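S.K.: One structure is given below, represented as structure tokens, and several questions about it will come after.
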Ligand SMILES: Nc1ncnc2c1ncn2[C@@H]1O[C@H](COP(=O)(O)OP(=O)(O)O)[C@@H](O)[C@H]1O
Ligand SMILES: [Mg+2]
């Protein structure tokens, strides 16, 4: 238990529950999102996908933790009110969570779970309601997000798949950005386009796509830009490019 002002707060141990996250990949994702912040500040981010099981919750958790480890204060909210996952993944309880907050039965402070990752907090779904879309459309949900924005650098919202239910479109219309998680080789072009169009209809700002669950060979293909782009000759790739330009610069300086 930790004393935070007037509150005696239980600290939830999440470090042991994280498995083996691909830390470098999430650092790259974090950095890319920070680049999106140049034009207009992204303080609220919804994470969705076309289908269940593509990796929304995994991405939301690991991205939140990566951001917290870079010194930001992050609040992750489980807004998958149909199939909540954060309690199963991180612990805590659904007795007090987002649905209690929306229905006015709890305050933000009551619902926040503090963790042993400095700066990383989360809110569970709460008791699952019969009318998720209605709750998420409520003004109260907006107020909660606005209040959370005052206390955190980023609010990340885990949502249900947009290919199945409308909830994420409702959430995305209120967030500064939306990230789509696509499971490699599992989603056809049309489904992905349908999700993109649904988000555009509600004026959501899609900030990018996470291609998830790539096998190692594919990963190398995508992340070897010097092999992928250019003409592939040694001169234009990696060390070849570096040596050539260093030599040219040295020649210029001598002249
Ligand atoms: N990049 C990944 N590598 C390996 N397993 C993953 C990856 N992303 C997700 N998973 C696994 O896939 C399953 C579904 O992921 P989850 O994040 O719960 O999906 P969603 O929230 O979209 O339903 C989980 O068992 C999770 O551990
Ligand atoms: Mg999930």
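The values are calculated or read from the model by the stated rules, or taken from the named source; none is laboratory data. A quick note: this is a predicted structure, and the numbers were derived from the prediction, not measured. Neighbour counts run over all protein chains shown; Cβ positions are idealised from the backbone, glycine included.
S.K.: Select from segment 35-67 the residues that are more than 9 Å from ligand 1 (Cβ to nearest atom) and either within 12 Å of the chain's Cα centre (by Cα) or closer than 27 Å to residue 185 by Cα (or both) and list them in ascending order.
M.R.: If the condition is that a residue be more than 9 Å from ligand 1 (Cβ to nearest atom) and either within 12 Å of the chain's Cα centre (by Cα) or closer than 27 Å to residue 185 by Cα (or both), then 36, 42, 43, 44, 45, 46, 50, 63, 64, 65, 66, 67 are the ones that fit.
S.K.: Taking the residues in segment 174-202 that are in a loop (DSSP other than H, G, I, E, B) and under 19 Å from the mean Cα position of the chain (by Cα) as candidates, determine which candidate is modelled with the lowest pLDDT.
M.R.: In this case the residue turns out to be 184.
S.K.: Find the residue count for segment 177-191, including only residues that are surrounded by fewer than 16 Cβ atoms within 10 Å (Cβ to Cβ) and closer than 16 Å to residue 59 by Cβ.
M.R.: 2
S.K.: Then there's this: I'd like the full set of residues that are surrounded by fewer than 18 Cβ atoms within 10 Å (Cβ to Cβ) and under 18 Å from residue 196 (Cβ atoms), limited to segment 43-55.
M.R.: Hit for segment 43-55 is 51, nothing else.
S.K.: Mind counting the residues in segment 141-170 that are under 19 Å from residue 48 (Cβ atoms), within 18 Å of the chain's Cα centre (by Cα), outside any helix (DSSP H, G or I) and more than 16 Å from ligand 1 (Cβ to nearest atom)?
M.R.: Counting residues in segment 141-170 that are under 19 Å from residue 48 (Cβ atoms), within 18 Å of the chain's Cα centre (by Cα), outside any helix (DSSP H, G or I) and more than 16 Å from ligand 1 (Cβ to nearest atom) gives 2.
S.K.: Let me ask you something else. Quick one: in segment 68-109, of everything that is outside any helix (DSSP H, G or I), under 18 Å from the mean Cα position of the chain (by Cα) and more than 22 Å from residue 210 (Cα to Cα), which residue is farthest from ligand 1 (Cβ to nearest atom)? Lay out the reasoning, then the answer.
M.R.: Of the residues in segment 68-109, the ones outside any helix (DSSP H, G or I) are 70-85, 91-97, 103-107.
Those left that are additionally under 18 Å from the mean Cα position of the chain (by Cα): 70-81, 83-85.
Keeping just the survivors that are more than 22 Å from residue 210 (Cα to Cα) gives 71, 73, 81.
Details: 71: 25, 73: 23, 81: 13 Å.
Taking the candidates together, the pick is 71.
S.K.: Can you tell me which residues in segment 80-96 are touching a helix residue (DSSP H, G or I) at 6+ places or on another chain (Cβ under 6 Å), within 12 Å of residue 129 (Cβ to Cβ) and crowded, with 19+ Cβ neighbours inside 10 Å?
M.R.: Result: 81, single match.
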